[in-house]
Ligand SMILES: O=C(O)CCC(=O)C(=O)O
């Protein structure tokens, strides 16, 4: 992943079209199965380290039971996650959807193990911005480290719900109308922030579903994660100017509006 491939322009254009139409897009197999399996190993190691540091992997109120394993602060725990944030095709996609001055709001994982149940129905934009939700202002870039299926807890989402503007417009039968994501390991699922969704139930006997969620937003939305506080200085120092900007590691925040200031990324 350190030597990432060039931007796949066709994939980006196709994903942007599907995001506009449906609110979701699958970018198949950006990682090989071997790379996805390696990322999964790193995620379990990160989970062990996070637990050792005293951060619980089950958050009461977020998931109904402890079969959902949550891992926070991925950027601090392993360099592989910073590499994923910088993946050229994904970076191009997010930049064209939200503007090149987008920021990373959060990067965490949810491993749905057998027996996991659905969380509360929500949209990710509703978590960081009051209604009305009128335009794309965030996108979740979901890295699939395992195959994702209806049975193993593929995220249930309501296609087209990026057109919902207020809480009052969320249909009462939203959950019944939701469909699961299905994608092979190594894929990225791009889910626009206005899409209403919930985690699926993992009804398999022995299959984990491991997803890492890189939540990206317009630069004026306060991030969910304070990377400056959460990421160790020696890890922060490994990032170049663009990633430092995306993670908000420098003194200035909420300044580089391209329309006013031009391209400040240095690229
Ligand atoms: O794990 C999933 O499928 C969805 C998780 C989610 O929506 C969340 O953590 O906010």
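The values are calculated or read from the model by the stated rules, or taken from the named source; none is laboratory data. Fair warning: this is a prediction, and the values are worked out from it, not measured in the lab. Counting neighbours? That spans all protein chains shown, and the Cβs are built from the backbone with ideal geometry, glycine included.
Numbers below:
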| quantity | calculated |
| --- | --- |
| Among the residues listed as 231, 203, 195, the single one being away from the ligand (no atom under 12 Å from the Cβ), more than 15 Å from residue 107 (Cβ to Cβ) and at pLDDT 95 or above | 203 |
| Residue list for region 117-132, filter: touching a strand residue (DSSP E or B) at 6+ places or on another chain (Cβ under 6 Å) and within 11 Å of the ligand (Cβ to nearest atom) | 118, 119, 121, 123, 124 |
| Selection from region 117-131 of residues that are surrounded by fewer than 22 Cβ atoms within 10 Å (Cβ to Cβ) and not in a strand (DSSP E or B) | 117, 118, 119, 120, 121, 126, 127, 128, 129, 130, 131 |
| Any hit, region 195-206, residues being part of a loop (DSSP other than H, G, I, E, B), closer than 20 Å to residue 103 by Cβ and within 14 Å of the chain's Cα centre (by Cα) | yes |
| Residue in region 181-188 that is more than 25 Å from residue 16 (Cα to Cα), within 15 Å of the chain's Cα centre (by Cα) and buried (at least 19 other Cβ atoms within 10 Å of the Cβ) present | no |
| Near pairs, Cβ below 6 angstrom, 6+ apart or cross-chain, from region 232-243 (more than 14 Å from residue 81 (Cβ to Cβ)) to any residue that is part of a loop (DSSP other than H, G, I, E, B) and at pLDDT 95 or above | none |
| Verdict on residue 153 being in contact (Cβ under 8 Å) with a residue 60 or more places away in the chain and surrounded by 16 or more Cβ atoms within 10 Å (Cβ to Cβ) | no |
| Residue 135 vs. criteria in a loop (DSSP other than H, G, I, E, B), within 14 Å of the ligand (Cβ to nearest atom) and either surrounded by fewer than 24 Cβ atoms within 10 Å (Cβ to Cβ) or at positive phi (or both) | no |
| Residues within region 101-116 that are in contact with a strand residue (DSSP E or B) (Cβ under 6 Å, 6 or more places away or on another chain) and assigned to a loop (DSSP other than H, G, I, E, B), tallied | 3 |
| Options 66, 36, 6, 45; residue that is modelled with pLDDT under 95 and closer than 18 Å to residue 210 by Cβ | 66 |
| Residue match in region 86-93 (condition: outside any helix (DSSP H, G or I), in contact (Cβ under 8 Å) with a residue 60 or more places away in the chain and either crowded, with 18+ Cβ neighbours inside 10 Å or within 15 Å of the chain's Cα centre (by Cα) (or both)) | yes |
| Condition check for residue 38: more than 30 Å from residue 160 (Cβ to Cβ) and either within 16 Å of the ligand (Cβ to nearest atom) or assigned to a strand (DSSP E or B) (or both) | no |
| Count of region 222-255 residues which are in a helix (DSSP H, G or I) and surrounded by 11 or more Cβ atoms within 10 Å (Cβ to Cβ) | 12 |
| Per-region count, region 138-169, residues out of contact with any strand residue (DSSP E or B) (no Cβ under 6 Å at 6 or more places or on another chain) and within 24 Å of residue 98 (Cβ to Cβ) | 8 |
| Filter result (within 12 Å of the ligand (Cβ to nearest atom) and under 17 Å from residue 203 (Cβ atoms)) within region 52-68 | 63, 67, 68 |
| Index of the failed condition, residue 114 passing every other in (1) within 24 Å of residue 244 (Cβ to Cβ); (2) surrounded by fewer than 22 Cβ atoms within 10 Å (Cβ to Cβ); (3) within 15 Å of the ligand (Cβ to nearest atom) | (1) |
